[in-house]
Amino acid sequence: MIGKIIIGKSFRGCISYCLEKDHAELLDQQLCFGDKREIIQQFNEVRRLNERVAKPVMHITLSLAPGERLLEGEVHKLLENAARDLGYENNQWIAIAHHDTSHQHFHIVVNRIGFDGKTLSDSNNYKKIVGLCRRMEKEMGLQQVQSPRRFLSAEQRKIPRSDQRKEKLRQVVIKSLQKARDYPDFERRVKAAGYEVIRARGIRFIDDKKVKIKGCELGFPLQRIEQLLSMDKLHRSLLLERMATKQQQAGIASNIPGRKMDKEQGKEISKESGRNMDSRITQQAAKILTEVNRQGHASINPELRKKSKKKKHSNHKLWTLL
């Protein structure tokens, strides 16, 4: 389950969006009644109890994974737990289900201003919604989503984690690097796999869900990609395979999100890139020398040849006189 919280200004805009959406279904409501117009009016009346608050709207969304579905009783249990965990048990709120997508999801609009004029705190909202989602996943047998690392305990952070989104992109980047002729070809291959590529001071990738992932989060910052592409394909493929093997031998899970490539691997890439460049320079120098030898005497400036002949002739004349 994925949860989001947005703090806003307008009850009219938020409630209208939730209720006017195609296939919208009003599931439950607290301390309010009537149609859309009446609910908006009631929320605004309570809002006036504390007009110093510029953003009295709390808009919560709870989305289930595709294929998952809660029964009516389970939905009400989820709504009750959300009200308790997020602290709006005594405030006005309405809950709406939208049936316009393949996955089941709910919208909850909460009035942050209570009947006592006090304001519902919006601090640590992200941590609260993450905690609610993880707990309800376990209680209801839903697909479990990983929490951000900053909200995990020290022990939990030691456990290797699988981030399928980043691992999938990482494999696309590796395959593209192995086959690409140059950077434009690399970018074309990544785009063909369904990703946008943004190149600036660094490199970022955007998937079909509009999730942005930095190259350094995959172990492939822009500089490293450019270094790898400066090598010939054989050296590049061997190096990528060797790096993967070293990671496995060191017990480093390649699918741990946010892990940057080891410094030693970066040095290895730089070293290989330098060797490759030296090899190219050596080959180029050899070609130049071969060409010079082939052209030989014909390539010398005629004026220089005349001077050389004159010099030899004068030397011969001098020896004759002696």
- Message: I'd like to check something: does region 199-208 contain any residue that is assigned to a strand (DSSP E or B) and touching a Phe, Trp or Tyr at 6+ places or on another chain (Cβ under 6 Å)?
- Response: yes
- Note on the structure: Checked Lys55, Lys21, Lys77 against criteria (at pLDDT below 95 and either surrounded by 16 or more Cβ atoms within 10 Å (Cβ to Cβ) or in the same structural domain as Leu132 (by TED's automatic domain parsing) (or both)); the one match is Lys21
- Message: Exactly one condition in (1) surrounded by 13 or more Cβ atoms within 10 Å (Cβ to Cβ); (2) at pLDDT 95 or above is false for Pro184; which is it?
- Response: (1)
- Filter region 217-226 for residues that are part of a helix (DSSP H, G or I) and either among the acidic types (Asp, Glu) or crowded, with 18+ Cβ neighbours inside 10 Å (or both) and give the result. Glu217, Leu218, Arg224, Ile225, Glu226
- Note on the structure: Filtering region 70-102 for residues that are in contact with a Lys or Arg (Cβ under 9 Å, 6 or more places away or on another chain) and within 20 Å of Ile6 (Cβ to Cβ) leaves a count of 9
- Message: Pairs please, first residue from region 166-180 and touching a residue at least 60 places away in the same chain (Cβ under 8 Å), second anywhere and of a type in the set (S, T, N, Q), Cβ atoms under 9 Å, 6+ apart in sequence or on different chains.
- Response: Lys166/Asn255; Glu167/Ser254; Glu167/Asn255; Arg170/Ser254; Arg170/Asn255; Leu177/Ser237; Gln178/Ser237
- Query: Can you tell me which residues in region 111-138 are free of Cβ contacts under 8 Å to residues at least 40 places away in the same chain and either touching a Gly at 6+ places or on another chain (Cβ under 6 Å) or over 27 Å from Cys32 (Cβ atoms) (or both)?
  - Reply: Lys127, Arg134, Lys138
- Task: Name every residue in region 84-134 that is within 22 Å of Gly67 (Cα to Cα), charged (D, E, K, R) and surrounded by 16 or more Cβ atoms within 10 Å (Cβ to Cβ), in order of residue number.
- Result: Arg134
- Got at least one residue in region 138-149 being surrounded by 13 or more Cβ atoms within 10 Å (Cβ to Cβ), assigned to a helix (DSSP H, G or I), at pLDDT below 90 and out of contact with any Pro (no Cβ under 8 Å at 6 or more places or on another chain)? no
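The values are calculated or read from the model by the stated rules, or taken from the named source; none is laboratory data. Predicted, not measured: the structure shown is a model, and the values here were computed from it. Note: ideal-geometry Cβ built from the backbone for every residue, glycine included; neighbour counts use all protein chains shown.
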